[in-house]
Amino acid sequence: MHVEKQKIIDGIIKYIEKDVMPEISSDRGFQVVISIGISAVKANNKLLDKLFENDIFKSLANYDDENKTYDVDLLCNIAKDSISKCGYFPVKIPAISFISPNEKELKFSAADVDRLKSYIVD
């Protein structure tokens, strides 16, 4: 399924708000930082233009230049296949002085990719 950039952004935001934020509820400072990031993207989604304009990302997503859409099925299948082989996808968040003093590691599974995709295509 091909979708426009905004639909992907909206799905990512919804996934973070509904699935990621509750998992980090024990660290209010980290939640605030994530919330600030979400609010910034909502106010100005051009913050993600570098990702969507990246030639490698466009190739992986089978970008359709005419319709300006990305193949979410292809992206998700690639991500799920790779994550399944490795167990999980770690995302390390460095410590943020005075707010969240310890490094955080978020772990994403193939099931998380399915959940994210469901938010994007809804």
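Derivation of every value follows stated rules applied to the coordinates shown; laboratory data play no part. It should be emphasised that the depicted structure is a prediction, and the values quoted were computed from it without experimental measurement. With ideal geometry, Cβ positions are generated from the backbone for all residues, glycine too; neighbour counts draw on all protein chains shown.
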Matching residues in segment 59-76 (in contact with a helix residue (DSSP H, G or I) (Cβ under 9 Å, 6 or more places away or on another chain) and free of Cβ contacts under 8 Å to residues at least 12 places away in the same chain) number 2
Could you list, in sequence order, the residues of segment 82-103 that are more than 21 Å from ILE24 (Cα to Cα) and surrounded by 12 or more Cβ atoms within 10 Å (Cβ to Cβ)?
-> SER82, ILE83, SER84
Being among the aliphatic types (A, V, I, L, M) and surrounded by 14 or more Cβ atoms within 10 Å (Cβ to Cβ) narrows it down to one of ILE8, ILE36, so name that one.
-> ILE8
Subset tally (residues that are within 30 Å of VAL32 (Cα to Cα) and either basic (Lys, Arg) or assigned to a loop (DSSP other than H, G, I, E, B) (or both)) for segment 60-111 | 15
So, of the residues in segment 106-122 that are in contact (Cβ under 8 Å) with a residue 60 or more places away in the chain and acidic (Asp, Glu), which turns out to be surrounded by the most Cβ atoms within 10 Å (Cβ to Cβ)?
-> ASP112
Could we say that ASP27 is of a type in the set (Asp, Glu) and touching a strand residue (DSSP E or B) at 6+ places or on another chain (Cβ under 9 Å) here?
-> yes
